[in-house]
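The values are calculated or read from the model by the stated rules, or taken from the named source; none is laboratory data. Since we're looking at a predicted model, the values are computed, not measured. In this analysis, Cβ positions are derived from the backbone assuming ideal geometry, glycine residues included, and neighbour counts consider all displayed protein chains. These area figures cover heavy atoms from the full protein model, side chains too; ligands, DNA and RNA do not enter into them. Shrake-Rupley method; radii C 1.70, N 1.55, O 1.52, S 1.80 Å.
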Amino acid sequence: MSYLYPRLLPHDAKRLLARLERAAQEGKNLRPVLTSNFHPKLDWPATGGAPVSESHMVDLRHAMIDEVGDQTCADHRARREFDVGAGLVLLRWFEADGPANAADYDVWPFLSLIVMPDLAVNRFPLSGGEGGLQSERFLAGRRNVFYRAYLRALVLGDVIRDPDMELYEDELVGLIDRNLSMDHRLTRAIAREIANIPKDGNRRTRVRNGLKAIQYEMRVTDINSLSERALQEIIRGSLNRCG
């Protein structure tokens, strides 16, 4: 069933973020704001449809906790597992609840500040222990803690769960934030090839320059007409030329 999700508009999101930050600094228990109508400042689109219910959001929280746990991500491995698990949960969730909801930037602060603020802080805790929260991880935008995970799952699919497919953060940003991500087959093929590059000191430069070369190739070659083998050969050649 497709639901109608509310939006948390920027000025209200910033107020809730400031409140969440104070609570985290004071060591308070960070609880979701799952009350009747969630929050008085929510903006409900006038497009018709069944408004999503509190109980449905509780179900999302439970699905997320079952996948990623409810503890602070203490190291790189835990952070990667959170991102992968959260992304795949949200991908399945919005396939059922309507991808149009996921496409609205202002839906994501609703999830990170009202439905799952504790989980968001587990992934991106206070900087320096008692410092502030990274605002871009909680507000609207591609760097929102849950939206970035969702986008990676949407573009890369189950490829991101493969333990042999570990990518650096800047490599993921390069794949998702460039127009390469519009072609999911291409992006997944690039991810597979990058994962085969040794993790030495030259890898980041090789990938950065290789992505630029692939973007140029897209302008002169009909990528969609290529077989899987031919596509992989072009990607491998672009990355090797930049080594």
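How would Glu171, Glu67 line up by accessible area, probe 1.4 Å, largest first?
Final ranking, largest accessible area leading: Glu67, Glu171.
By how many nm would the segment from Asn29 to Glu136 grow when fully extended, if each residue of separation counts as 0.36 nm and the alpha-carbon distance is taken off?
Residue separation times 0.36 nm, minus the Cα-Cα distance, leaves 36.3 nm.
As an exercise, use a Förster radius of 25 Å and the Cβ-Cβ distance of Val173 and Glu54 to find the FRET efficiency, rounded to the nearest 0.05.
After rounding, the FRET efficiency stands at 0.15.
Taking springs between alpha-carbon atoms closer than 10 angstrom, which of Val115, Val155, Val33 fluctuates most in the Gaussian network model of the chain?
It is Val33.
What whole number of Å gives the distance from the Cα centroid of segment 35-98 to the Cα centroid of segment 157-236?
29 Å
Quickly work out the Ile65-to-Arg229 label distance, labels modelled 7 Å from Cα along the C-beta direction, and quote it in nm with one decimal.
Each label point lies 7 Å from its Cα, and together they span 5.1 nm.
Could you tell me which residue out of Leu113, Gly201, Ser127 lies farthest along the dipole of the chain toward its positive end? Charges go on the beta carbon: Lys and Arg +1, Asp and Glu -1, centred on the Cα centre.
Farthest towards the positive pole: Gly201.
At a probe size of 1.4 Å, how large is the accessible area of Trp44, to the nearest 10 Å²?
90 Å²
Put Asp66, Asp106 in order of accessible area, largest first, 1.4 Å probe: what do you get?
Per-residue accessible area, sorted high to low, gives Asp66, Asp106.
Based on DSSP H runs of at least 4 residues, each adding -39500 (n - 2.57), what is the mean residue ellipticity at 222 nm of the chain after dividing by all its residues, to the nearest 500 deg cm²/dmol?
Rounded to the nearest 500, it is -17000 deg cm²/dmol.
When the chain is fully extended, how far beyond the present Cα-Cα distance does Arg161 get from Tyr105, taking 0.36 nm per residue of separation?
Length gained, Arg161 through Tyr105: 17.6 nm.
Taking the Cα centre of the chain as origin, work out the dipole magnitude from +1 charges on Lys and Arg Cβ and -1 charges on Asp and Glu Cβ, in debye rounded to 20.
My answer is approximately 680 debye.
With an 8 Å cut-off on Cα pairs and a minimum separation of 6 or more residues, tell me the relative contact order of the chain in percent.
Rounded, it is 19 percent for the chain.
Could you tell me which residue out of Ala191, Gly174, Pro51 lies farthest along the dipole of the chain toward its positive end? Charges go on the beta carbon: Lys and Arg +1, Asp and Glu -1, centred on the Cα centre.
Gly174
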